[in-house]
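Step one of this worksheet: look at the structure below.
The values are calculated or read from the model by the stated rules, or taken from the named source; none is laboratory data. The shown structure was predicted, so the numbers you read here are calculated from the model rather than taken from an experiment. Cβ coordinates were reconstructed from backbone atoms using ideal geometry, including for glycine residues, and neighbour counts include every protein chain displayed.
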């Protein structure tokens, strides 16, 4: 069974505790999804060994990262809403990634054998699965289309709980591969023609940025639509298509995740965390937190400490 071990740490010389999460979800033997969330203000370093039979997909949902390769000093940057694909059957290079502050990254690792099995009937259409290139190195970088952005965001904000999360994450891993290798005439444009217009997509991304910046005193839907230059209907439909949630579902989840990180830092009491994310009534915050995470903030902290 192919297994890979990953480690998340502060940069050398920084003694502060790691302000980030790392989750490795096995999908199948030789197929993994790794989620890295650096919610702190300092860069983190992710290291691990990558087998040379592995095809590597790297997606930046938020922020970005810097890849370093061996002793050569060669570096490659991954920026927001971009993806990188690596395949090197000749040499196994250890993973060494500097994750920028406030970054969310998704990595997919799948063996060439597994990917070939998935796309058996159409493997000649995929460059590195073509028999002529099967032993050759391959690299590409591209923008992440909105349909994959939606799936990546859902991995960080799953609409299910408990044991259903792992099933959901496995399904999303296959969905990412399907969309990544989909031909240009694929169905995502048919589902939401509005997203074919890159200007519209940028306006929706601006709406998300505004929500985050004004988290403590968010605009109304009407105000937000006016600020980004779309009508309310297009804002609502576009936002849900890209991020998989309504505007205010996304805002609520972002607030709750921010509060959770604030509480985990150990520097704030429950009431203080509530005020920092825009709740003037702590009891309303406690109710919202319990609805999101299944426990009150106090019980959540007790569980983390124990």
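Has region 264-285 got at least one residue that is under 22 Å from the mean Cα position of the chain (by Cα) and under 23 Å from residue 150 (Cα atoms)?
No - not one qualifying residue is present in region 264-285.
Which residues, counting only those in region 259-273, are part of a helix (DSSP H, G or I) and modelled with pLDDT under 90?
260, 261, 262, 263, 264
List the helices (runs of 4 or more DSSP H) inside region 72-187, counting only whole elements, that have at least 2 residues being assigned by TED's automatic domain parsing to the domain that holds residue 33, modelled with pLDDT of 85 or more and exposed (fewer than 14 other Cβ atoms within 10 Å of the Cβ).
164-180
Of the numbered conditions (1) over 26 Å from residue 209 (Cα atoms); (2) out of contact with any helix residue (DSSP H, G or I) (no Cβ under 7 Å at 6 or more places or on another chain), residue 272 satisfies every one except a single condition; which is it?
(1)
Please work out which residue is nearest to residue 258 (Cα to Cα), limiting yourself to region 17-48 and to residues that are modelled with pLDDT of 85 or more and not in a strand (DSSP E or B).
39
Mind checking whether some residue in region 242-254 is more than 30 Å from residue 301 (Cβ to Cβ) and in contact with a helix residue (DSSP H, G or I) (Cβ under 8 Å, 6 or more places away or on another chain)?
Yes, the conditions are met somewhere in region 242-254.
Being outside the structural domain of residue 104 (by TED's automatic domain parsing), assigned to a helix (DSSP H, G or I) and either over 25 Å from residue 160 (Cβ atoms) or out of contact with any helix residue (DSSP H, G or I) (no Cβ under 9 Å at 6 or more places or on another chain) (or both): is that true of residue 237 here?
Criteria not met by residue 237.
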